[in-house]
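The values are calculated or read from the model by the stated rules, or taken from the named source; none is laboratory data. Note that the structure is predicted; figures quoted are calculated from it, not measured. Note: ideal-geometry Cβ built from the backbone for every residue, glycine included; neighbour counts use all protein chains shown. Heads up: the accessible areas ignore ligands, DNA and RNA and are worked out on the full protein's heavy atoms, side chains in. Shrake-Rupley method; radii C 1.70, N 1.55, O 1.52, S 1.80 Å.
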Amino acid sequence: MQADRRPAGRRLSQRTAGGVGPLGLGIATLWLSLIVLLPLAAISAKAFDNGISGFFDAIDLPAARAALLVTVGVSLVVALVNVVLGTLIAWVLVRDEFPGKRFVNALIDLPFALPTIVASMVLLSLYGPQSPFDVQLNATRPALVIALLFVTLPFVVRAVQPVLLELDKEVEEAAASLGASSATTFRRIILPALLPAILTGTGLAFTRAIGEYGSVVLIGGGVPRKTEVASQYIQKQIEIDRVVNAAAVSFALLVIAFSVLFLLRIVSSRATRREEAAR
């Protein structure tokens, strides 16, 4: 038998080039099916128990339609605010030095660890009937915005931070030496590099907002056709044994979330390709 005279590193790279192999792929597929695909399939099937016309009738009920409109509208506002303030916070954390920076950086992740019902209780104590600032916002849409801004704060910040850390400052310095203003440098050099990360973080913030329940349940009040979000409407439908209606609204939220993430992924991929082609 002829000995294999290829270098050991080359033989190893060829053996490992296939990734985790069939067993790893099978385990990943099984886990994804159990945790994600089967529940989504069950919700989809339940939503169409009464047929396609029954599905549209369920989401066209005045209370359901109002809950969806409130949810999507408030979530859009939250996503747009996160685009600006999330990017600004990430910029400050990466480019500026100030006392307590590590504490602030750790504080950004607090919404991930804190139970959202606690956030709603704290916000109610701050902006409810017993507000120490004499600012009463409970059972209003601004209260929903504040609550959702709290729980979605980390998404844009954490998406933009790594990109800012990897940006080549020499390019910015070269642009400044050629007479470009700070605004021009940001618009022409920095923003195109940050855009895919901003879009990713914004999409995650939006989809988190449309499915949020705990942070809005107390401060929002759940007033039908005013501050009742889709998750609260779904809970009420389950409580009165209208499971098909709850599943229909859940499926509508699923379609909205998937469509937004898919669209932003396409835009982000195109922005990334343009940025790589420009280098």
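General observations
- Helical mean residue ellipticity (222 nm; -39500 (n - 2.57) per DSSP H run of 4+; nearest 500) of the chain: -23500 deg cm²/dmol
- Percentage relative contact order, the chain, counting C-alpha pairs under 8 Å, at least six apart: 29 percent
- Surface composition of the chain: carbon and sulfur atoms hold 66% of the protein heavy-atom accessible area at a 1.4 Å probe.
- For the range 122-249, size of Cβ-based charge dipole, Lys and Arg +1, Asp and Glu -1, in debye: 420 debye
- Averaged over residues, the count of other Cβ atoms within 10 Å places the peptides 144-154, 215-225 in the sequence 144-154, 215-225, highest first.
- Rg [Å, one decimal], Dmax [Å, integer] - the range 109-206, C-alpha atoms: 19.1, 57
- The figure for Arg270 is an accessible area of roughly 130 square angstrom, using a 1.4 Å probe on the protein chains alone.
- Only aspartates and glutamates eight or more places from Lys226 in sequence, or on another chain, were considered; those with a Cα closer than 19 Å are Asp60, Glu212.
- Here Lys46 sits with roughly 80 square angstrom of accessible surface, probe radius 1.4 Å.
- Across the range 208-279, the mean sequence separation of Cα contacts (distance under 8 Å, 6 or more residues apart), normalised by length, yields a relative contact order of 22 percent.
- Å³ per residue enclosed by the Cα convex hull of the range 56-182: 186 Å³
- Of Pro142, Ser268, Ser120, farthest towards positive along the dipole that unit charges on Lys, Arg, Asp, Glu beta carbons give the chain: Ser268
- If the convex hull is drawn through the Cα atoms of the chain, its volume per residue in Å³: 225 Å³
- Whole-percent pair-distance distribution, where bins are 5 Å wide, for the alpha carbons of the range 135-279: 2, 9, 14, 15, 14, 12, 10, 8, 7, 5, 3, 1, 0, 0
- When the range 232-279 is described by a simple charge dipole with +1 on each Lys and Arg Cβ and -1 on each Asp and Glu Cβ, the residue from Ala247, Gln232, Ser259 located farthest towards its positive end is Ser259.
- Kyte-Doolittle mean at least 0.0, axial Cα span of 27 Å or more - DSSP H helices of the chain: 62-95, 141-166, 191-210, 243-278
- Put simply, when 102-112, 237-247 are sorted by average Cβ atoms within 10 angstrom per residue, most first, you get 237-247, 102-112.
- Here the range 216-278 is assigned +1 on the Cβ of each Lys and Arg and -1 on the Cβ of each Asp and Glu. Its dipole about the Cα centre then comes out at about 220 debye.
- Partners for Lys46 among lysines (Cα-Cα distance below 24 Å; same-chain residues under 8 apart left out): Lys236
- The charge dipole of the chain, taken about its Cα centre with unit charges on the Cβ atoms of Lys, Arg (+1), Asp and Glu (-1) only, comes to about 840 debye.
- Surface analysis of the range 136-177 yields an accessible area of 49 Å² per residue, using protein heavy atoms and a 1.4 Å probe.
- The range 89-111 and the range 161-189 have their alpha-carbon centroids 21 Å apart.
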